[in-house]
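Where a number appears in this text, it was derived from the coordinates with a stated rule and is not lab data. Quantities reported herein were computed from a predicted structural model and do not represent experimental measurements. Every residue, glycine as well, gets a Cβ built from its backbone with ideal geometry; the counts of neighbours run over all protein chains shown.
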Amino acid sequence: MKIKFIAFLLVGILRIPIDAYAQDRFLSDDPGNKIDAFQEHFFEALKQKGIENYELALNSLDKAEVAAKDDQENKAVVYFEKGKNLAALKRYEEAESNYNRVLEWSPEKIEVLEALYDLYYDDKNYEAAIQLVEKLILQDSDYKEDLANLYHRTQQYDKALILLDEIDQDWGQNNYRNTLRSQIYRVTGNTSKAINKLEEKINKNPKSEQEYLNLIFLYSKEGNAKKAFEIAKKLIKQKPKSHLVHLALYKFYLENREFEEAIKSINIIFSSNQIERKSKNRVLEDFLLFTKMNPSYKAELNELITTILIEENSHTYLLLGDFYLLQGDKEKSLNFYKKGIKSDSDNYGLLKNTILLQIDIKKYEAAIALSTFGLEMFPAQPLLYLVNGVANNELKNADQAIEILETGLDYLLDDPKMECDFYQQLAIAYSLKGNTKKAKLYYKKALDLSITNQKTDN
């Protein structure tokens, strides 16, 4: 009996578990039962690939292939790994050859087919990729979008459009396919033809929601908002329960200053299970901008926010925080800023806004904690040292304030106004310590710099 020890590492390529016999061989002290050469070389190859030493990995795989002898399963595993390492080195022909050797042994292995597809795509061998994707579709229909993209890249535009329509019919519309369709129309210059085709389809089947949506999209891309609006209103007459049409209608209503109708559409969008959260977020952002210009609708916005599940998106949280800050609701603003940081801790803008607001509403301990956290990611940002020092001064932590402020000065480059703030805070900290001499020194530095800044500004 042969050991099929490697299968579990390959995410299903060879679904053969380690059996008890193999385990006995791994653990035995018997010299005749030591880990064999195949295992040793193969695991060495995996280790080298893991640290991107692809050439060394290939050397170990060559040895593993020899050690595999007549074991076809183990050889197939070796070929697959060789293919991945060669692809990483952009040695595409050699990689393809190895993948094909696996497929000779197991023609339908989806992991290998997917790897080969990635190879063809990276190598811009789109014709070969098309043939492969046509096979993959039989196992995973999600590859239909890839096929439409490949048709586009090989200038088979009619095929691409037909397939996009089919996918839309089955799955509904999405931004990726709409963008791809738009690119094809732009390249071919046949937008008018496409519009006529869609109108013909609608005349034949007035209840086909997707054709209306595609037509709205085309007219919108052409800049013909009036016509797009007309089509949207036709759709709502034909299908009063359509939810997707409101993704277009709310914008038209806002632009036409039909605000009550716009809000009705927005409420339908957010109550719908048919519309993805990303689309809802975009609508929310539009409504935020609208409410900034029309504050009388703040109550509607508040009601909307309390009833919807916002996608964890730092940009949306930032907009919400900014909006409520402008409205003077600092606590609500801070709440959204904090949610934004939770979803994207690397967002410096959010981090800065949050800390400044924490200081403004006298949440000094929170400001210290957050600025300390921020300095771990942005150690060269002098503002984070400054706000940390301010917060420590407010809490009478003079020593901590001095330490952080003096460190922050080292990162300050050509910013006289912030430098003045640093000196003022250092003066406050030394005053807290009772060190009058140092306090006066920094007050004088701050004053001198302030006078210089005023002269420069004038």
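General remarks:
- Label point of residue 123 set 7 angstrom out along Cα-Cβ; within the stretch 53-78, amide nitrogens under 20 Å from it belong to 54-55, 58-59, 62, 76-78.
- Segment residue 399-residue 365, length gained on full extension (0.36 nm per residue, minus Cα span): 10.7 nm
- Restricting the GluC sites (Glu not before Pro) of the stretch 39-135 to loop positions (DSSP other than H, G, I, E, B) with no more than 16 neighbouring Cβ atoms within 10 Å leaves 52, 108.
- Loop-located trypsin sites (Lys or Arg not before Pro) in the stretch 218-322 whose Cβ has at most 14 other Cβ within 10 Å (DSSP): 241, 257
- Working from Cα pairs under 8 Å separated by at least six residues, relative contact order for the chain is 5 percent.
- Label assignment, mean projected area of the Cα convex hull in nm² derived from the structure, set (1) 28.5; (2) 34.7; (3) 26.6: (2)
- Within the stretch 297-392, the percentage of alpha carbon pairs spaced more than 17 angstrom apart rounds to 49%.
- Here the stretch 143-166 is scanned for amide nitrogen atoms under 19 Å from the site 7 Å beyond the Cα of residue 197 along Cα-to-Cβ, giving 144-166.
- Extension gain for residue 135-residue 170 works out to 10.6 nm (0.36 nm per residue, less the C-alpha to C-alpha distance).
- Estimated D of the stretch 331-453 in µm² per second, where Rh is the Kirkwood radius over Cα pairs and Stokes-Einstein applies at 4 °C, 1.567 mPa s: 88 µm²/s
- Working note: 222 nm ellipticity from helices only, DSSP H runs with n ≥ 4, each -39,500 (n - 2.57), summed and divided by the residues of the chain, gives -24000 deg cm²/dmol to the nearest 500.
- Measuring r between the beta carbons of residue 441 and residue 326 and using R0 = 45 Å, the FRET efficiency lands at 0.65.
- Stretch gain in nm, segment residue 158-residue 183, where the contour uses 0.36 nm per residue and the Cα spacing is subtracted: 7.7 nm
- Of the trypsin sites (Lys or Arg not before Pro) in the stretch 44-89, the ones in a loop by DSSP (not H, G, I, E or B) with at most 16 other beta carbons within 10 Å are 69.
- The stretch 342-381, dipole about Cα centre (Lys/Arg Cβ +1, Asp/Glu Cβ -1), debye to the nearest 20: 140 debye
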